[in-house]
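Single-structure report; data block below.
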Amino acid sequence: MTTGLDGIIAAETVLSHVDGAAGELVLRGLPVERAAQTLDFEGITALLWQGFHPLGGRPDALRDAIGRARVAVAAHLPALLPATAGLSDVEALRLMLSSLPDGDAAADAVRVVAAVPVFIAARVRHVQGLAPIAPDAGAGHAADFLRMMTGHAADPALARALDTYLVTVSDHGLNASTFAARIVASTRAGMVSSVVAGLCALKGPLHGGAPGPVLDMLDAIGSADAAPAWIAGELTAGRRLMGFGHRIYRVRDPRAEVLKVAVRPLRSPRIDLAEQVEHAALSALAAHRPDRPLETNVEFYTALLLDAVGLHRDLFTPIFAMGRVAGWSAHVMEQEATGRLMRPASRYVGPVAA
Ligand code: ACO
């Protein structure tokens, strides 16, 4: 018996479709390649929320509402930041998000989407002994995040690259974190509780925790010449190569290519090494597991792109959440509108009663 729920249909959704054999991802009818080229974070959120939220399908109105909510949520920072002492960045985000109350789902959806970059940026500054920078309600979500974190206006090319990333990871079928969010939503626990459940699932290294270790891997390899031996050592030791393999895709994850294209203009100093490591890893994985196609997943070029945007590797999972919260919140609203309590069954294999 498989315990990974492979192939089980647990929900119907209009939000996104993953075709693992063809290597295609469609977000509400838009191929991810087109969505990433044409939309920013607020645009994809408005698209995902269409039919579920009063501001769905209205990107300009949603942009205003998210901007105002960034400003409002910043009022919580003085009380929250000291409580994050000793936590990792993703744990700090988990703590701060869970401080928000569950109430009206529509208002909470805007607040929780707005809160993620405000909390991440303020926490980055807090650990450096710096005060938070107030949100700018009129700025774009991605650009305002970079400004709140660094203290200076974001380079438009970096803000655009970050927007591309946020759109690319905004939704992806019933992945583990979205499933977690939908289970909690199915109990009617509320938007914030459901999103926090999503974040908890995202944190794991088999899901959204992989991109930081991708950069660690590139650092450990150091040069293209060293890649084959390093990779062979990992596989022989039974360890997994981060940024490769996927439950659904049997070909290259289409998001990997979107992000590889987006990272090119940023002139990452690591790009040549990354391409050579990718090549060596794919050859080694094909030889190691000829029965199991293991291709590049989204996390490999996520690491390159977020690094080139100037973000520290410890922030990669929180920034994944900054994009995926668009999808989580949409799934929560869809679950509440269309779903029933999720309550699967287990097969008892323990001792029988005496
Ligand atoms: N490196 C080496 N071997 C691998 C890898 C990898 N990256 N991925 C899978 N395998 C091997 C497994 O060890 C397993 O071997 P076994 O049958 O001898 O135990 C076999 O391939 C099948 O793997 P499964 O665990 O059945 O595949 P599953 O669908 O459960 O795993 C997963 C998918 C978790 C993504 C896996 O490929 C992995 O761990 N990758 C590395 C971590 C990673 O990049 N995570 C990010 C995924 S993308 C995302 O979540 C946004």
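Since every read-out is calculated from the coordinates, none of them should be taken as a lab result. Only a predicted model underlies this, so the values are computations on that prediction, with no experimental measurement involved. Ideal geometry is used to build each Cβ from the backbone, glycine not excepted, and the neighbour counts take in all protein chains shown.
With the convex hull drawn over the C-alpha atoms of region 108-192, the volume per residue is 116 Å³. Using only the C-alpha atoms, the convex hull of region 231-332 corresponds to 125 Å³ per residue. Here the sum of -39500 (n - 2.57) over DSSP H runs of 4 or more residues, divided by the residues of the chain, equals -17500 deg cm²/dmol at 222 nm, to the nearest 500.
Per-residue Karplus couplings for region 121-129, computed as 6.51 cos²θ - 1.76 cosθ + 1.60 with θ equal to phi - 60°, are listed in order as 5, 5, 5, 4, 6, 4, 5, 8, x Hz, Gly and Pro entered as x. Using a cutoff of 8 angstrom between alpha carbon atoms and counting only pairs six or more residues apart, the relative contact order for region 200-354 works out to 31 percent. In region 1-41, the C-alpha radius of gyration followed by the widest Cα-Cα span (Dmax) gives 13.3, 43 angstrom.
The alpha carbon centroids of region 56-81 and region 304-351 are separated by 21 Å. Across region 227-241, the residues whose backbone nitrogen lies under 17 Å from the label position 7 Å along the beta-carbon direction of Arg270 are 227, 231, 241. If R0 is 51 Å, the Cβ-Cβ spacing of Asp102 and Ala354 corresponds to a FRET efficiency of close to 0.70. Over all pairs of different C-alpha atoms in region 127-168, the reciprocal of the mean inverse distance, the Kirkwood hydrodynamic radius, equals 10.8 Å. Whole-Hz Karplus values for region 217-224 come out as 5, 4, 5, 5, 6, x, 9, 4 Hz, taken residue by residue from phi with 6.51 cos²θ - 1.76 cosθ + 1.60 and θ = phi - 60°; glycine and proline positions read x. Principal axis extents of the Cα atoms in the chain, from largest to smallest and rounded to whole angstrom, are 63, 53, 43.
If you wrap region 195-269 in the convex hull of its Cα atoms and look at it from every side, the mean projected area works out to 6.8 nm². The protection proxy used here, the mean number of other Cβ atoms lying within 10 Å of each residue, ranks peptides 60-67, 218-225 as follows, highest first: 60-67, 218-225. Computed over all pairs of different Cα atoms, the Kirkwood value for the hydrodynamic radius of region 1-145 is 17.2 Å.
Across region 298-315, rounded Karplus estimates of 3J(HN,Hα) from the backbone phi angles (6.51 cos²θ - 1.76 cosθ + 1.60, θ = phi - 60°) give 4, 5, 4, 7, 4, 4, 5, 5, 5, 5, 5, 6, x, 9, 6, 4, 5, 8 Hz, Gly and Pro being marked x.
Calculated translational diffusion coefficient of region 146-248 (20 °C, 1.002 mPa s; Stokes-Einstein with Kirkwood radius over alpha-carbon pairs) equals 128 µm²/s. The mean of 1/r over all pairs of different alpha-carbon atoms in region 153-213, once inverted, gives a Kirkwood hydrodynamic radius of 13.0 Å.
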